[in-house]
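Below is one structure, written out as structure tokens, with a few remarks after it.
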Amino acid sequence: FGEHHITLKFSGEQISSRLPNETGVVLYYSVRETFINIIKHARATSVSVSVCRENGAIRVTVHDDGIGMKTNNEGNSDSFGLFSIRERLAHLGGNLTVSSKPQEGTTVVLKMPIDSLFDASSALT
């Protein structure tokens, strides 16, 4: 995020199989929307992103050191951007969780089941 003066740290593991197109596109746009929210609202100076495989799913965690945001007890916010991410992920069996504290930043976790997707796509070939 050079022009926004935000340092980006990335860690991730190699996912052994290629994600199905729809899954990859949904994850890409979900992370992109999360970055846009950080740029517009968080006043963050640092963002970390991690990607890993966990219990048959791909997990993408985005954490910023910004001003935080209001969430309810279920980790939902009034943000339309987060609502739309949640809906896109749910359509493919995934989910989104958000945790945030004032002046301690926000953590967004996107999870998408992938093992069943790989099984289904390999059965088609």
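The values are calculated or read from the model by the stated rules, or taken from the named source; none is laboratory data. Values in this document were obtained by computation on a predicted structure and should not be read as measured data. Reconstructed Cβ throughout: ideal geometry from the backbone, glycine too, with neighbour counts over all protein chains shown. Heads up: the accessible areas ignore ligands, DNA and RNA and are worked out on the full protein's heavy atoms, side chains in. Shrake-Rupley method; radii C 1.70, N 1.55, O 1.52, S 1.80 Å.
Quick notes on this structure:
- Number of the exception - PHE10 against (1) at pLDDT 95 or above; (2) buried (at least 16 other Cβ atoms within 10 Å of the Cβ): (2)
- Tally of residues being among the hydroxyl-bearing types (Ser, Thr, Tyr) and more than 11 Å from THR106 (Cα to Cα) across the stretch 34-45: 1
- Subset of the stretch 22-46 that is of a type outside the set (Phe, Trp, Tyr) and free of Cβ contacts under 8 Å to residues at least 24 places away in the same chain - its residue that is most open to solvent (accessible area, probe 1.4 Å): LYS40
- Unmet requirement for SER99, which otherwise passes all of (1) of a type outside the set (A, V, I, L, M, F, W, C); (2) part of a strand (DSSP E or B); (3) touching a Leu at 6+ places or on another chain (Cβ under 9 Å): (3)
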